[in-house]
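J.: Just passing along the structure, written as structure tokens.
The values are calculated or read from the model by the stated rules, or taken from the named source; none is laboratory data. As the structure is a prediction and not an experimental result, all values here were calculated from the model. Positions of Cβ are backbone-derived with ideal geometry, glycine not excepted, and every protein chain shown enters the neighbour counts. Side chains included, ligands, DNA and RNA excluded: accessible areas come from the protein's heavy atoms. Shrake-Rupley method; radii C 1.70, N 1.55, O 1.52, S 1.80 Å.
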Amino acid sequence: MAFNDLLKQVGGVGRFQQIQVTLVILPMLLMASHNTLQNFTAAIPAHHCRPPAHANLSKDGGLEAWLPRDQQGRPESCLRFTSPQWGPPFPNGTEANGTGATEPCTNGWIYDNSTFPSTIVTEWDLVCSHRALRQMAQSLYMVGVLLGAMMFGYLADRLGRRKVLILNYLQTAVSGTCTAFAPNFPVYCIFRLLSGMSLASISLNCMTLNVEWMPIHTRAYVGTAIGYTYSLGQFLLAGVAYAVPHWRHLQLLVSLPFFAFFVYSWFFIESARWYASSGRLDFTLRALQRVARINGKREEGAKLSMEMLQASLQKELTRGKGQASAIELLRCPALRRLFLCLSMLWFATSFAYYGLVMDLQGFGVSMYLIQVIFGAVDLPAKLVCFLVINYLGRRSAQMASLLLAGICILVNGVVPQGQSIVRTSFAVLGKGCLAASFNCIFLYTGELYPTMIRQTGLGMGSTMARVGSIVSPLVSMTAELYPSVPLFIYGAVPVAASAVTALLPETLGQPLPDTVQDLENRKGKLRRQQREQQKHMVPLQASAQEKTGLQD
């Protein structure tokens, strides 16, 4: 409890914590915008083939003479007639007036620009034979998120949270702006990948820097505030995308604010807990005294000295300046247990989440309304999660959210396809539970890993989440075997993962561990408490048996 006592001495939750936490959380408003931006910038409007350059529409009988129809009577998107047809349009390019041969759209496409005046799809013709490129762009963004979580998580443990955040804000601003001016599709993909790398690190460092500056009893509030800010960002994206439908303008609008974030991030104060864990006691003292002045506790800050910190933070100082590497997550038994269990939780949450998001595309309403619904579902779910986290514990919240999400998805697998209202209701409930799971796993992971490797652990957890988001679309292909197979898989994984939480310790009201030894001490303390409880239970059972014997 030494460091927590130092935080209380310099003001607890004072002016500094209120200002810095707010400024660090603020960029999370635009995290949702970037993560789901391609729903709008890569939207596919209705389209059909452009007639040949030599076509005379007034003589040929209009544009309809060149367009074959599908089974629903709509113009084919990827085919046109080789010659104009003057009879009634027949579906699937069947013969009309004796001829009806079709060919691909060699002269390009005509798009319906009424809803989306410009997207990357319409600008670079990512349709028909090139439609896979649209998904590749989003996959490359997710690859960037995966790489960023691994690389910047490690750098944050080596260089500090503040320096990495400053770099990430600048990288997001520059790469996002360059994306808006990309001259071609390959350049667009490169800058989207770079944006994904930096945005992954921003979300991880946002949680870590805030948690390490807050007292124990306020950490759940910080995690919930970050989750709600992300949810509000989903509402923001729906409004901004509706007001600015041109993809380049929308991309630019959600990227330019990161230049402002980059400027004010220079005023952040580095985590004193990280300084102490790095053996830099002089910087620890300087940071705590600066925070004390901002919180109006100048006298308390003046009482701090190097000798006092050496006595209070002895366990951090015994580590010297060494830093744990990612390989320690597998080498050390205590860390290996955490790593394997948390990896399962991260993977299951992301895997089921993206599986549900793919299944929620059939609302039959506009994309803007769908975006609002996605955001609205998160609000009550995260409120319930916050209450459970704060009063019942992190482990209970994590277990319940994954278990309920899995059950909702499994139930959807047996509900008949025709009952769309019931299926949609269960899907929305499951999505809300998974949003709550994401909210909890960020906080839970940050509290379980020791300071020496906390950011690396968060980075590896986020990496497993990205693996889940990449694997999830592949599972949807099993629908060819049976329509409900993907839902059974999406539901079974979080149910199985919920059982893994029983192997993790509870962190409610516990101080943040700084070293691996802290983890061992926590485990030993729990074992002693269990033995004491068992000792107390034996006399009680004997007393109950004696009373039963006397009554007989």
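J.: Only residues that are farther than 16 Å from Asn210 by Cα and either aliphatic (A, V, I, L, M) or surrounded by 24 or more Cβ atoms within 10 Å (Cβ to Cβ) (or both): list them for segment 432-443, please.
T.: Step one: list which residues in segment 432-443 are farther than 16 Å from Asn210 by Cα, which gives 432-438.
If the condition is that a residue be farther than 16 Å from Asn210 by Cα and either aliphatic (A, V, I, L, M) or surrounded by 24 or more Cβ atoms within 10 Å (Cβ to Cβ) (or both), then Gly432, Cys433, Leu434, Ala435, Ala436, Ser437 are the ones that fit.
J.: Out of all the residues in segment 134-145, which are of a type outside the set (Lys, Arg) and open to solvent by 30 Å² or more (accessible area, probe 1.4 Å)?
T.: Passing the criteria: Gln135, Met136, Gln138, Ser139, Leu140, Val143.
J.: Mind listing just one residue for me: the one in segment 96-115 that is open to solvent by less than 20 Å² (accessible area, probe 1.4 Å) and not aliphatic (A, V, I, L, M) and, of those, modelled with the lowest pLDDT?
T.: The extreme case among them is Gly100.
J.: Can you pull out the residues in segment 33-52 that are farther than 22 Å from Ser265 by Cα, in contact with a Gly (Cβ under 9 Å, 6 or more places away or on another chain) and open to solvent by less than 10 Å² (accessible area, probe 1.4 Å)?
T.: Cys49
J.: Right, here's the next one. Does Thr224 meet the test of being open to solvent by less than 20 Å² (accessible area, probe 1.4 Å) and either assigned to a helix (DSSP H, G or I) or basic (Lys, Arg) (or both)?
T.: Details: open to solvent by less than 20 Å² (accessible area, probe 1.4 Å): yes; either assigned to a helix (DSSP H, G or I) or basic (Lys, Arg) (or both): yes.
Criteria met by Thr224.
J.: Quick check, is Ala400 more than 22 Å from Arg337 (Cα to Cα) and either outside any helix (DSSP H, G or I) or of a type outside the set (Val, Ile, Thr) (or both)?
T.: Considered against the rule, which asks whether it is more than 22 Å from Arg337 (Cα to Cα) and either outside any helix (DSSP H, G or I) or of a type outside the set (Val, Ile, Thr) (or both), Ala400 comes out as no.
J.: Looking at Leu199, Leu250 in this structure, which one is open to solvent by less than 10 Å² (accessible area, probe 1.4 Å) and over 21 Å from Arg454 (Cα atoms)?
T.: Being open to solvent by less than 10 Å² (accessible area, probe 1.4 Å) and over 21 Å from Arg454 (Cα atoms) holds for just one of Leu199, Leu250, which is Leu250.
J.: Sort through Pro494, Pro483 and tell me the only one that's within 21 Å of Leu404 (Cα to Cα) and either in the same structural domain as Gln398 (by the TED database) or surrounded by fewer than 23 Cβ atoms within 10 Å (Cβ to Cβ) (or both).
T.: Within the list Pro494, Pro483, the selection yields Pro494.
J.: Another one. State yes or no: is Ile389 open to solvent by 40 Å² or more (accessible area, probe 1.4 Å), modelled with pLDDT of 85 or more and β-branched (Val, Ile, Thr)?
T.: In short, no.
J.: Restricting attention to segment 277-296, does a residue exist that is in the same structural domain as Thr22 (by the TED database), touching a residue at least 40 places away in the same chain (Cβ under 8 Å), part of a helix (DSSP H, G or I) and farther than 26 Å from Pro513 by Cβ?
T.: Yes: one or more hits.
J.: While we're on this one: Taking the condition in the same structural domain as Ser350 (by the TED database), buried (at least 16 other Cβ atoms within 10 Å of the Cβ) and part of a helix (DSSP H, G or I), does Thr501 pass? It would help to see each step written out before you state the result.
T.: Details: in the same structural domain as Ser350 (by the TED database): yes; buried (at least 16 other Cβ atoms within 10 Å of the Cβ): yes; part of a helix (DSSP H, G or I): yes.
So Thr501 passes the test.
J.: Got a sec? Which of Ser265, Ser231, Ser255 is in a loop (DSSP other than H, G, I, E, B) and either outside the structural domain of Gly446 (by the TED database) or under 17 Å from Ser195 (Cα atoms) (or both)?
T.: It is Ser255.
J.: Of all residues in segment 181-196, which are surrounded by fewer than 21 Cβ atoms within 10 Å (Cβ to Cβ) and either among the small types (Gly, Ala, Ser) or on the phi > 0 side of the Ramachandran plot (or both)?
T.: If the condition is that a residue be surrounded by fewer than 21 Cβ atoms within 10 Å (Cβ to Cβ) and either among the small types (Gly, Ala, Ser) or on the phi > 0 side of the Ramachandran plot (or both), then Ala182 is the only one that fits.
J.: Go over the candidates Leu410, Leu379 one by one and state the one that is in a helix (DSSP H, G or I), more than 26 Å from Gly233 (Cα to Cα) and open to solvent by 30 Å² or more (accessible area, probe 1.4 Å).
T.: Leu410
J.: Residues to consider are Leu23, Leu30, Leu7; find the one that is at pLDDT 80 or above, crowded, with 20+ Cβ neighbours inside 10 Å, in contact with a helix residue (DSSP H, G or I) (Cβ under 9 Å, 6 or more places away or on another chain) and among the hydrophobic types (A, V, I, L, M, F, W, C).
T.: Leu30
J.: Considering only residues that are open to solvent by less than 50 Å² (accessible area, probe 1.4 Å), over 25 Å from Leu404 (Cβ atoms) and outside any loop (DSSP other than H, G, I, E, B), which ones fall in segment 444-480?
T.: Across segment 444-480, the qualifying residues are Thr451, Met452, Ile453, Arg454, Gln455, Thr456, Gly457, Gly459, Met460, Thr463.
J.: Next up: Out of segment 117-133, which residues are outside any helix (DSSP H, G or I) and open to solvent by 20 Å² or more (accessible area, probe 1.4 Å)?
T.: Listed by number, the residues that qualify are Pro117, Asp125, Arg131.
J.: Note down all Cβ pairs under 9 Å where the first residue falls in segment 102-130 and is at negative phi, the second is of a type in the set (Asp, Glu) and assigned to a loop (DSSP other than H, G, I, E, B), and they're at least six residues apart or on different chains.
T.: Thr102/Glu76; Cys105/Asp125; Trp109/Asp125
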